[in-house]
1. Residues in the range C:158-174: is at least one closer than 22 Å to C:Asn52 by Cβ and either of a type in the set (A, V, I, L, M) or within 14 Å of ligand 1 (Cβ to nearest atom) (or both)?
2. Test of understanding: among A:Ala78, A:Ala39, which residue is surrounded by 24 or more Cβ atoms within 10 Å (Cβ to Cβ), of a type outside the set (Lys, Arg), at the interface with another protein chain (Cβ under 10 Å from one of its Cβ atoms) and in contact (Cβ under 8 Å) with a residue 60 or more places away in the chain?
3. Restricting to the range B:292-325, name every residue that is within 14 Å of chain D (Cβ to nearest Cβ) and in a loop (DSSP other than H, G, I, E, B).
4. Tell me which helices (runs of 4 or more DSSP H) are completely within the range B:93-176 and hold 3 or more residues being buried (at least 24 other Cβ atoms within 10 Å of the Cβ) and either more than 10 Å from chain A (Cβ to nearest Cβ) or among the basic types (Lys, Arg) (or both), or say none if there are none.
5. Scan the range C:132-183 for residues that are of a type in the set (D, E, K, R), farther than 21 Å from B:Asp99 by Cα and more than 20 Å from the chain's Cα centre (by Cα) and jot them down.
6. Being surrounded by 13 or more Cβ atoms within 10 Å (Cβ to Cβ) and either in a loop (DSSP other than H, G, I, E, B) or modelled with pLDDT of 95 or more (or both) is the requirement here; does C:Ala321 meet it?
7. Considering (1) within 26 Å of A:Gly113 (Cα to Cα); (2) within 9 Å of ligand 2 (Cβ to nearest atom), say which one D:Cys121 fails and leave the rest.
8. If we keep just the residues of the range B:268-289 that are within 13 Å of chain A (Cβ to nearest Cβ) and part of a helix (DSSP H, G or I), which is nearest to B:Pro155 (Cα to Cα)?
Amino acid sequence: MLDQPTNERRLTIARAMAEAMQQEMQRDPRVFVMGEDIAGFGGIFGNTRGLFEKFGKERVRDTPISETGFISAAVGAAMDGMRPVVELMFVDFFGVCFDAIYNQMAKNAYFSGGNASVPMVLMTSTGGGYSDAGQHSQCLYGTFAHLPGMKVVSPSNAYDAKGLMTAAIRDDNPVVYMYHKQLQGMGWLGTEPGATLNTPQEGYTVEIGKAKVVRAGSDVTLVGLAMGVHNALKAADKLAEEGVNAEVIDLVSLVPLDRETVINSVAKTGRLIVIDEDYHSYGVSGEIIATVTEHDVSKLKASPARVTFPDVPIPYAKHMEQFCLPNPDKIIAAYRKM
Amino acid sequence: MLDQPTNERRLTIARAMAEAMQQEMQRDPRVFVMGEDIAGFGGIFGNTRGLFEKFGKERVRDTPISETGFISAAVGAAMDGMRPVVELMFVDFFGVCFDAIYNQMAKNAYFSGGNASVPMVLMTSTGGGYSDAGQHSQCLYGTFAHLPGMKVVSPSNAYDAKGLMTAAIRDDNPVVYMYHKQLQGMGWLGTEPGATLNTPQEGYTVEIGKAKVVRAGSDVTLVGLAMGVHNALKAADKLAEEGVNAEVIDLVSLVPLDRETVINSVAKTGRLIVIDEDYHSYGVSGEIIATVTEHDVSKLKASPARVTFPDVPIPYAKHMEQFCLPNPDKIIAAYRKM
Amino acid sequence: MQPTKEQSLWMYENMVVSRRFEEAIEKAYLEGKTPAFNMANGPIPGEMHLSNGQEPVAVGVCAHLNADDIVTATHRPHHQAIAKGVDLKRMAAEIFGKSTGLSGGRGGHMHLIDPAVNFSCSGIIGESCGPACGAALSRTIQSKPGVAVAFLGEGAANQGAFHEALNLAGTWKLPVVFVIEDNSWGISVPKAEATAVIRNDVRAAGYGMPGHYVPGNDPHAIFDVAGEAIARARKGEGPTLIEAETYRLAGHFMGDAEQYRPKGEKDALFAKDPIPKMRERLLAEGCTATELDEIEQRADSLVADAITFARESDYAPESDALTAVFV
Amino acid sequence: MQPTKEQSLWMYENMVVSRRFEEAIEKAYLEGKTPAFNMANGPIPGEMHLSNGQEPVAVGVCAHLNADDIVTATHRPHHQAIAKGVDLKRMAAEIFGKSTGLSGGRGGHMHLIDPAVNFSCSGIIGESCGPACGAALSRTIQSKPGVAVAFLGEGAANQGAFHEALNLAGTWKLPVVFVIEDNSWGISVPKAEATAVIRNDVRAAGYGMPGHYVPGNDPHAIFDVAGEAIARARKGEGPTLIEAETYRLAGHFMGDAEQYRPKGEKDALFAKDPIPKMRERLLAEGCTATELDEIEQRADSLVADAITFARESDYAPESDALTAVFV
Ligand SMILES: Cc1ncc(C[n+]2csc(CCOP(=O)(O)OP(=O)(O)O)c2C)c(N)n1
Ligand SMILES: Cc1ncc(C[n+]2csc(CCOP(=O)(O)OP(=O)(O)O)c2C)c(N)n1
Ligand SMILES: [Mg+2]
Ligand SMILES: [Mg+2]
């Protein structure tokens, strides 16, 4: 899928994230990790495994269940020269601590006119598909991307996961790093094999703010991120069987948003479908469509479409949740209607 | 501006809100009001004046500065058969209590399959323009509208303010009622005279989920809510001097969103400008543009445009804030570029 | 305050129902999840937090409540729901995602809401506290009887929502009782590493309310302390904070390898399993084995009926996912 | 712990600078706001929270701090900023929205951040608590000296953030001191109607840390208690909670009609104005009037210079609004 050397190690996203953190902790004593069950347990989603054993409890800290407390503490530590990586276990919990995130973490650089900085990473799990219901399955990409002052990224595969984590830790700005549970490579969550990729051992960065054309095509542009990319790639495979050539864009980063890559693609294909597991309205899908149409509506040969999660809380029952989730068939159906 | 009888009392939005609450409290003993400084003080923005004197401290309660505590208490009271109206003083504080709002208030009806309901109103002030800086001037319309389970309304004038408050209190669902500080009719905030309107004494409702065409036109559709409507109307007046006939839509409600009224208008005018004081990206403006284009892109004679707050925290200095805020001139400039 | 024999047997029965229910859920949960454990599979998908071992707190408290009283519960809600009288069939059906479930399958195991007995719960830590205050306030404003009980874990006592709710309750003298189930673990983090004090009852003084710690995971002791607190609340004398020691015999959730548990901890806990302990106590107090066997059999069949009901019920149409967002 | 003469005079000087600064800000704030009071007008627009009367707490605490220590402050931050040594000119310029201000006009009166002296503040109630823990943690991890002080109002002590931060500090034994300025009002709501306990120092026990209440709005008494607490933190002995009685001589914000104040309260408070009281004390302790007059004159000119600097500075280009979101 990506143009990477093939004789390397295949890592899950979970391992890729942990490896990036480990390498950055080795490189830079200012980096430390905090969150619930991230020390001995290795992170509920496996993304901090091995760190505690390597760096000990001073730099790999289990916290009380006090998200406001430890995330605002991370802000204070970052402003004092550290580079904390904190975990909000599920993004769905953001409501207990969002003030620390968007009124402190995201705004203090601005409030200081750039004299202070808040170099921290907030990593958080997103996504459903395994029946964890309405308070443990959301994506909330739009919620985070809407508010200024924080970068927002979400990898679709292990290669990007490692490079984005490294870039996020090295970034002098706050970065929200959203990882999709079903891409983690944790079997117990059901896992998307396409996310497990060859990943170089040595440290490298993936640029924050740059989208990737992960499949070139000429007939329709499919735009997504994280799990959306895999759905789009599967739809593209099926469409290819019918001779339809879909271009697939992995946004990788929502803030900054690489509008140009999307605009250029649609200028070529004339057709746009946005795939988003976040709620339908007032989110990512609307923004992408607006980006393309406000730039030059005449480039569109058909009305753009979106395949998103409907505006309802995530239902628990498997058949209901699956009914709501984006999938390749829905993408194909959207294309057929164009 | 609105087609209302003219021999009635002119009320500010603040008074219209208080009057609606008062009438509903008289009508229904289940209604009570809670928040910071809403009792003797009458609400920082004047919207609960007179209630404490009339109903006493049992039903008009000052709270500790514990937004999570008292908003989740409102959820518990609503589920126990009361109809609380709670105030979050500035919408900018939502981060300290958003879990109570979106994980409890908004979802409990769904989690109960409709067997329980959460009939409450969360009223909150929005908007800047008076140099209150980055933690007291936001709109956050998109943030609330993005998440399912709560209705979201925002009046642009006193007539709607009263009718929407009455409708919100009577609604069996949670309603977020966002009032713009500069429309309140409080002199100390600087006030938009167009928001103070003739308002009937007797109780009435304004439908939640219905947009209003507040000025008919044929050349371009200007869509906004709250302060955006006044900016649009002023732009429309100026455009009219040049013979350009703008149609102005007051969305009134973001959830449910009256997509049809917007679609029908653009079908007629072929041109769309969205005015939004909330942040530019991933919010209301993107959603409105996507709504129109996904329905039928061929109806657009020009690329749609938006006049919004840029993706930066609200700056304090007056000249900087004014530079960022939408205004009639920016709307006219956007039209000229079409 | 000592339970009557009837109350003792009620507590015992509810403890047994609760345990049997968890055992049945555990079994069903594992269906379709072997050889590879994937939460998404089987008749009960998603996270599953069992309450094995924590029954004493739920029954000791709820023995004093009637349907009209309010309980707000946690992400680990089954024992609390059972003790509060939530319909077992509809609860089982909910966990199986069926149309006959409490919400028709929309909510699931962490979102059991039963207005008939004023029960609700939430998967967000600390979230039980505020709504309990609100329900209590509702009764106060309406001058209606009723006490609200918020259950929470000892980990949740470090969440801001706990503090705000306790202050609200203390300031407004609300008829509410906060009950902390101290199983000494918040997932893998021990209480001592997350909490600045050894016992949370000392925090009560910061909210002008009495605080009690109940050691021993003992239903009778909990019955005693909770009884006083609930009576106090009923008399309009305000809120109470109770922390009760309890044991989590299961993992945090199903699939938890529990490598964080010190060696031998589980064995020691199983040796103190409160259900056989209570059976012994009841026998010592003069109950007959037959009497208790009957209770156990009744529990078995209640649970079996509920599981059968759940399994035999239909799924709601998938498009029901789109309804009940608004009422 | 008693201040040396030098420390006493330092406290006095900073109290006077602070008061004069507020008086100058008040005057400038009202420009352009008569006859109609409209917050948006004049050289200083927006909300304005003055600290008149609350100077003792700031100086009594900050007398023990150096530039390397950290202070996180509140929406009412001027006295705290001055006592911590924030550059008065750049602070005034910030309040006037000028390019020479601490943030070039982006932040304003509630968002004064000065990395040179490790000072920051926020307009969100309770928000000072967590970042102070984080800064303290940063020093602990790095084995660097330094104590963090979080200021907050008595109203803020009912916010969840307070609880979480205190528990974190207590659990991790962080070098942090929480200082509650108890001016007995949260806007129009009296402490007694919002707080379940009479004094917040009793809450310290819930976090395993010492708590102290300092009555009398007395800089010397605050100096004493804060000195012990800060020394304790420096020695690695962990956090302390201090609540200090103080008086808000001004309205909550400018434009506040203060109708909620009981009749006579303001007069009684002015009679206890801590600045003349301290002058008297210093005279009684043997300072000369000339000495104190000189201090006052120095304060006057410091403030005058700062205001002049602010007024004479330019505004940044309006497009600077779009920069510094990211560094
Ligand atoms: C606000 C929030 N933070 C974190 C979690 C994830 N989480 C679920 S259960 C749990 C541990 C809770 O511990 P405790 O309160 O002691 O309850 P127990 O599981 O022991 O019954 C955590 C951290 C959550 N659901 N909500
Ligand atoms: C989370 C939050 N809630 C409410 C407010 C509005 N508000 C600003 S100051 C204030 C009163 C604060 O009282 P206190 O903490 O005692 O400080 P004081 O103003 O007395 O110095 C309130 C309610 C806010 N800024 N943040
Ligand atoms: Mg626990
Ligand atoms: Mg105060």
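1. No.
2. Working: A:Ala39 fails: in contact (Cβ under 8 Å) with a residue 60 or more places away in the chain.
Going through A:Ala78, A:Ala39 in turn, the sole match is A:Ala78.
3. B:Pro310, B:Asp311, B:Val312, B:Pro313, B:Ile314, B:Pro315, B:Tyr316, B:Ala317, B:Leu325
4. Helices (runs of 4 or more DSSP H) meeting the threshold: B:158-170.
5. First, pick out the residues of the range C:132-183 that are of a type in the set (D, E, K, R): C:139, C:144, C:154, C:164, C:173, C:181-182.
Still in the list and also farther than 21 Å from B:Asp99 by Cα: C:139, C:144, C:173, C:181-182.
Passing the criteria: C:Arg139, C:Lys144, C:Lys173.
6. yes
7. Going through (1) within 26 Å of A:Gly113 (Cα to Cα); (2) within 9 Å of ligand 2 (Cβ to nearest atom) one by one, D:Cys121 breaks only (2).
8. Within the range B:268-289, the first condition is being within 13 Å of chain A (Cβ to nearest Cβ), and the residues that meet it are B:270-274, B:276, B:278-289.
With the extra rule that they be part of a helix (DSSP H, G or I), the set shrinks to B:284-289.
Values: B:Val284: 15, B:Ser285: 17, B:Gly286: 21, B:Glu287: 19, B:Ile288: 18, B:Ile289: 21 Å.
The extreme case among them is B:Val284.
The values are calculated or read from the model by the stated rules, or taken from the named source; none is laboratory data. Quick caveat: nothing in here was measured; it's all calculated off a predicted structure. Because the Cβ atoms are built from the backbone with ideal geometry, glycine has one as well, and the counts that use them run over all protein chains shown.
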